[in-house]
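Participant: Just passing along the structure, written as structure tokens.
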Amino acid sequence: MGETKQEVRGWVVGRLPDGWFTGPPTVETDDDEILVVGELDESDLATEAAEALPAARSARVQHFREETRDQRMRIAQEAERRFGRKVAWAVTIGGERILFTTLSIPVMTRLRLPERQVLDTLVQAGVARSRSEALAWCVRLVGRHEAEWISELRDALVRVNELRRRGPA
């Protein structure tokens, strides 16, 4: 399970059949999951009227999902044995990301009264059904509004990990 993100990505890209996506997929990883995101071709949909385009894209996604299910499951099973992580799948089309499968991992946290009150307010207002969903909503909001800073932080962590790997044994 000590494979680098590049090794996981290389294995996934090498394992995918030609023609599934318009180019190489994005492969996102953490300690629990490998998420494979590929872009579907929609060039032949350009002649569709604007009001028909969403339905055409939806049909394209559904067709891809159904036609590739067996192969995706086989690849996922191999990857799970090899890397010890679950594999999730998604596609992008027309700038929209559609997740087929993804993990929802419980995360333990300790919150003081003011933080719990924020979550409870979101639940009471109907923004979320539970504290857990409210916390996930908050994390998505931070991710959206602080995406540039989080990206810089990830890049810095990659550099730190490189330095650790090259450091004294």
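Taken together, the values in this text are just the output of simple stated rules run on the coordinates, not laboratory data. Every value quoted in this text rests on a predicted model; they were computed, and no experiment measured them. Backbone-built Cβ (ideal geometry, glycine too); neighbour counts: all protein chains shown.
Participant: Under the Karplus relation 6.51 cos²θ - 1.76 cosθ + 1.60, θ = phi - 60°, what is the ordered set of whole-Hz ³J(HN,Hα) values for segment 71-79, x standing for Gly and Pro?
Facilitator: With the stated coefficients, segment 71-79 comes to 5, 4, 5, 5, 4, 4, 5, 4, 5 Hz.
Participant: Report Rg (one decimal) and Dmax (nearest whole number) for segment 46-90, counting Cα atoms only, units Å.
Facilitator: Cα only, segment 46-90: 15.2, 45 Å (Rg, Dmax).
Participant: Most fluctuating residue of 127, 37, 158 in a GNM of the chain with Cα springs under 10 Å: which is it?
Facilitator: Of 127, 37, 158, the Gaussian network model singles out 158 as fluctuating most.
Participant: Then there is this: Specify the longest stretch of the chain that does not include any exposed loop site, a site being one of the GluC sites (Glu not before Pro) with a non-H, G, I, E, B DSSP assignment and at most 12 other Cβ atoms within 10 Å. Mind dumping the intermediate values first?
Facilitator: Working: sites that count: 51, 146.
Maximal segment without exposed cleavage sites: 52-145.
Participant: Another one. Once you've got the GNM for the chain with C-alpha springs shorter than 10 Å, pick whichever of 119, 53, 16 has the biggest mean-square fluctuation.
Facilitator: Largest GNM mean-square fluctuation: 119.
Participant: Where is the GNM fluctuation largest for the chain (alpha-carbon springs, 10 angstrom cutoff): 101, 109, 22?
Facilitator: 109
Participant: Another question, then. Report the Cα centroid-to-centroid distance between segment 104-166 and segment 26-68 in angstrom, as an integer.
Facilitator: 27 Å
Participant: Okay, next question. What residues qualify as long-range amide H neighbours of residue 101, i.e. H under 5 Å apart, gap of 5 or more or another chain, H built at 1.01 Å from N?
Facilitator: 89
Participant: Do any trypsin sites (Lys or Arg not before Pro) in segment 100-153 lie in a loop, going by DSSP, with at most 14 other beta-carbon atoms within 10 Å of their beta carbon, and if so which? Write out the running numbers ahead of the final one.
Facilitator: Numbers: sites: 110, 112, 116, 129, 131, 140, 144; in loops: 110, 112, 129.
Within segment 100-153, the qualifying trypsin sites (Lys or Arg not before Pro) (loop, at most 14 other Cβ atoms within 10 Å) are 110, 112, 129.
Participant: Can you give the relative contact order of segment 1-104 as a percent, counting alpha carbon pairs under 8 Å and 6+ residues apart? Numbers along the way, then the final one.
Facilitator: Numbers: 119 pairs, mean separation 30.1, N = 104.
Relative contact order for segment 1-104 comes out at 29 percent.
Participant: Mind jotting down the three principal axis lengths of segment 106-169 based on Cα atoms? Whole angstrom, largest first.
Facilitator: Principal extents (largest minus smallest coordinate, Cα): 52, 24, 20 Å.
Participant: Determine ³J(HN,Hα), in whole Hz, for all residues of segment 29-42 in sequence, where each value follows from phi through the Karplus function 6.51 cos²θ - 1.76 cosθ + 1.60 and θ = phi - 60°; x replaces Gly and Pro.
Facilitator: With the stated coefficients, segment 29-42 comes to 9, 9, 5, 10, 8, 10, 10, 9, 10, x, 8, 8, 6, 10 Hz.
Participant: If you don't mind, there's one more thing I want to ask. Calculate the spin-label point distance for residue 127 paired with residue 161, positioning each point 7 Å from the Cα along the beta-carbon direction, and give it in nanometres.
Facilitator: Taking the two extended label points, one gets 3.2 nm.
Participant: Okay, moving on. Rounded, prolate or oblate: which fits segment 55-124, taking a ≥ b ≥ c as square roots of the Cα gyration tensor eigenvalues, rounded meaning a/c under 1.5, else prolate when a/b beats b/c? Display every interim value, and only then the final one.
Facilitator: Numbers: a/c = 4.42, a/b = 1.62, b/c = 2.73.
Oblate, because a/c is 1.5 or more while a/b does not exceed b/c.
Participant: For residue 34, enumerate residues with amide H under 5 Å from its amide H, sequence gap 5+ or separate chain, H modeled in the peptide plane.
Facilitator: 86, 87, 88
Participant: Still on this model: Calculate the FRET efficiency for residue 153 and residue 120 from the Cβ-Cβ distance with a Förster distance of 41 Å, rounded to the nearest 0.05.
Facilitator: It comes out at approximately 0.90.
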